[in-house]
Amino acid sequence: MEKDPVCGMQVNPASAAGKSEYQGKTYYFCNAGCKRKFDQNPQQYVDR
């Protein structure tokens, strides 16, 4: 399981609603809205 960096929800990478690469790491998302927020400003979420 991976943690959605936007909302903190646990996400199964195999069934994630989306994923993004940032600074060599893959982030997984529970829904398209979280992915969209991350993609607009990834640095805001990786520093948490």
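Summary of values
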| read-out | value |
| --- | --- |
| Subset tally (residues that are surrounded by 12 or more Cβ atoms within 10 Å (Cβ to Cβ), touching a strand residue (DSSP E or B) at 6+ places or on another chain (Cβ under 6 Å) and among the hydroxyl-bearing types (Ser, Thr, Tyr)) for the stretch 26-48 | 2 |
| Checking residue 5 against (1) out of contact with any strand residue (DSSP E or B) (no Cβ under 6 Å at 6 or more places or on another chain); (2) touching a residue at least 40 places away in the same chain (Cβ under 8 Å), the condition it does not meet | (1) |
| Hits in the stretch 1-17 (condition: of a type outside the set (Gly, Ala, Ser) and assigned to a loop (DSSP other than H, G, I, E, B)) | 1, 4, 5, 6, 7, 9, 12 |
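All of the numbers you see were taken from the coordinates with simple rules; none came from a lab. None of these values were measured; they are calculated from a predicted model. A quick note on method: Cβ atoms are made from the backbone with ideal geometry, for glycine too, and the neighbour counts reach across all protein chains shown.
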